[in-house]
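Quick notes on the structure that follows.
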Amino acid sequence: MPSTGGNRCTFWRGPRLLYGALGLLWLLHLLLAIRIPLVPDEAYYWLWSRHMQWGYLDHPFMVALWVRGGTALWGDTAFGVRFVGLVGFGVANLFIFLTAQQFFPEEKSAGRRAIWLFNATLMASIGLIPATPDAPLCLFLSMSLWALAHALRVGQPQSRWGWWVLCGICLGLAMDSKYTAVLWGLGLAGYILFSQRGLWRMAGPWVAGCAACVMTVPTLYWNLKHHWAGLLKQGGRTMQWHPERAGQFLGEFFLGQAALLTPWVAGVCMLGLWRARSRQNVLLWLALPMMAVFLCHALGDRVQANWVWVLYPPLIVAGAGYGGHIKGAVLMGMASSFLIYSQALTGFMALPASMNPITRLSAGWGRLTADIIAQAQQKTISTIAVRDYALASILAFYHPRGLQIIGLDSRWAYIEQLPRMNVQPVLLIEDAHYAFAQTRGEQITRYSGSQRVRAYRIELKSKSTGWQIR
């Protein structure tokens, strides 16, 4: 099906508007990365970066490597933790641009349209600010799709070898970033084996598969050494099955993804993906297996919003090539992003902490740490113990002076350099959520200004066993 670019408004083709909008967007992106304090999961990855190894229980090693690189340049700050991810976001934009241009060379504005659509999604404009495994995943999948677009060119069979190898290397690095990248690989394998192009007869795709496997050796080695703990943890999610709640999970999945893509962008991309079935059906092959897996999972369990990141590169490229008019979709997405940016920077809407994820996750940690130090000094305690890994991680980042932090969660056992200790006595810190008025035991409260954010129980224990994380 031919691209529908002939009647599009030249206003959206011009590079000046694109560069200006992206410049403003990325400036706000940078400002938020500097201004917003670290959130607990980022602190968890920061702890990984202080103990580098080839894998961890929750994810492969790539996010820890990126955090290590950023903190080497900018120190143990929120910006340092996020720095390499921010650079990766910019580079991913470049490769999405190049990929769309390569898939649709007859449509001169395809690259710019792809950048408009990508940055109009909340998942990209907001979700890639924190340092998470999604940042390297997004970059390496974009690079892999770019290399694949070159490898699939008609003609020049000898030069395709290098592109196939690069495609495999980048896909392997994506798998070293997040296990869900394997779904992308399954879709590509299906296209190679069953498409009418007969690619399975060529050596290039097989060499790409070998290159991907070689790049994942560190991740596989760590899993082998630890009895496949990482892979089993991810696969074990299928064991938590609640089919009686399928309606709830499916509703959350569709509404959540529509919100993160923004509804109009989602419609443009799905339309483009459907139209791509005739000429660029590789995009459909990449997307459909992932969609099927997520839909099947949603029949019995919740699909976390960021799992679907693996779908974004082919969706965005298909939307850029075949999605029709995008002006309204981009305006809606950009307006939503700027609204969230404004709320994050100014707090102009007085939302309770339970409805404000930025406040709930990032506000008040420094003050809470000072309160914990005061409580420990009052009780002449030099060690605190924390059950929740996220709370333990963020307290470790703020490093309460004079206090030793013991993590009680068994996942700390998979960081090999952390010593296991028996300590007595200890001050146990537990998350009490929003139970501010509870009377059982002592508690301290985390504040954002004068607003209460979260309550925490504190309890004196005679002894405790865990891993020293700071």
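Arranged by the count of other C-beta atoms within 10 angstrom, fewest first, what order do Arg113, Arg360, Arg279 take?
Arg279, Arg360, Arg113
Give the aspartates and glutamates reachable from Lys461 as a straight Cα distance under 19 Å; neighbours fewer than 8 places away on the same chain don't count.
In chain and number order, the partners are Asp371, Asp388, Asp409, Glu430, Asp431, Glu442.
Which shape class, rounded, prolate or oblate, goes with the range 32-112 when its Cα gyration tensor gives a ≥ b ≥ c as root eigenvalues, a/c under 1.5 marks rounded, and past that a/b bigger than b/c marks prolate?
prolate
For the range 360-468, what is one quarter of the convex hull surface built on the Cα atoms, given in nm²?
6.8 nm²
Leaving out same-chain residues fewer than 8 places away, which lysines sit with a Cα under 30 Å from that of Lys225?
Correct list for Lys225: Lys178, Lys233.
What is the helix-to-structure angle for 365-378, meaning the angle in degrees between its Cα long axis and the longest Cα principal axis of the chain, kept from 0 to 90 and rounded to the nearest 10?
Tilt relative to the chain: about 20 degrees.
Applying a 10 Å radius around every beta-carbon, put 367-373, 415-421 in order of their mean neighbour count, most first.
Top of the packing list down: 367-373, 415-421.
Treating the angle as unsigned and between 0 and 90°, give the value, to the nearest 10°, between the Cα long axis of helix 15-35 and the longest Cα principal axis of the chain.
Tilt relative to the chain: about 10 degrees.
Sort Met290, Met332, Met355 so the one with the fewest other Cβ atoms within 10 Å of its own Cβ comes first.
Met355, Met332, Met290
For Phe194 and Asn422, what is the calculated FRET efficiency with R₀ set at 51 Å and r taken between the beta-carbons, to the nearest 0.05?
For Phe194 and Asn422, the calculated efficiency is 0.35.
Using a simple spin-label model with points 7 Å from Cα along the Cα→Cβ vector, what separation in nm is obtained for Met349 and Leu250?
2.9 nm
Kindly provide log₁₀ I(q)/I(0) values, in the same order as q = 0.10, 0.21 Å⁻¹, from the Debye equation applied to equal alpha-carbon scatterers of the range 255-399.
Listed by q, the Debye log ratios stand at -0.58, -1.24.
Could you give each residue of the range 312-324 its phi-based ³J(HN,Hα) in whole Hz, using Karplus coefficients 6.51, -1.76, 1.60 with θ = phi - 60°, and x for Gly or Pro?
Those phi angles translate into 4, x, x, 5, 5, 5, 5, x, 5, x, 10, x, x Hz.
Pop out the ³J(HN,Hα) list for the range 304-310 in order, Karplus 6.51 cos²θ - 1.76 cosθ + 1.60 with θ = phi - 60°, rounded to Hz; leave Gly and Pro as x.
5, 4, 7, 4, 7, 3, 4
Obtain the nm distance between the two label points defined at Ile373 and His433 by a simple spin-label model: each point lies 7 Å from its Cα along the Cα-to-C-beta direction.
Label-label distance for Ile373 and His433, simple model: 3.1 nm.
Give the average over all directions of the projected area of the C-alpha convex hull of the chain, one decimal, in nm².
23.8 nm²
With the Cα gyration tensor of the range 168-315 giving a ≥ b ≥ c as the square roots of its eigenvalues, does the rule (a/c under 1.5 for rounded; else a/b larger than b/c for prolate; else oblate) give rounded, prolate or oblate?
oblate
What order do you get for Trp412, Trp26 when you list them from fewest to most C-beta neighbours inside 10 Å?
Ordered by Cβ neighbours within 10 Å, fewest first: Trp26, Trp412.
Given H placed on each backbone N at 1.01 Å, which residues far from Val453 in sequence or on other chains put an amide H within less than 5 Å of it?
Here the answer is Arg446, Tyr447, Ser448, since their amide H atoms fall under 5 Å of that of Val453.
Considering the range 73-190, what Rg and Dmax in Å follow from its alpha-carbon atoms?
That works out to 15.3, 50 Å for Rg and Dmax.
Where does the chain land at 222 nm, in deg cm²/dmol rounded to the nearest 500, when only DSSP H runs of n ≥ 4 count, each adding -39500 (n - 2.57), divided by all residues?
Here the helix-only value at 222 nm equals -18500 deg cm²/dmol.
If you line up the long axis of helix 203-215 against the longest principal axis of the chain, both from Cα atoms, how many degrees apart are they, to the nearest 10?
That works out to roughly 10 degrees.
For a label point 7 angstrom out from the Cα of Tyr221 toward its Cβ, which stretches of the range 399-417 have the backbone nitrogen within less than 18 Å?
Hits in the range 399-417 for Tyr221 at 18 Å: 415-417.
FYI, it's all coordinate maths here, none of it is from the lab. Remember, it's a predicted structure, so these values are computed and weren't measured experimentally. When we count neighbours, we look across all protein chains shown, and the Cβ atoms used for this are built from the backbone with ideal geometry, even at glycine.
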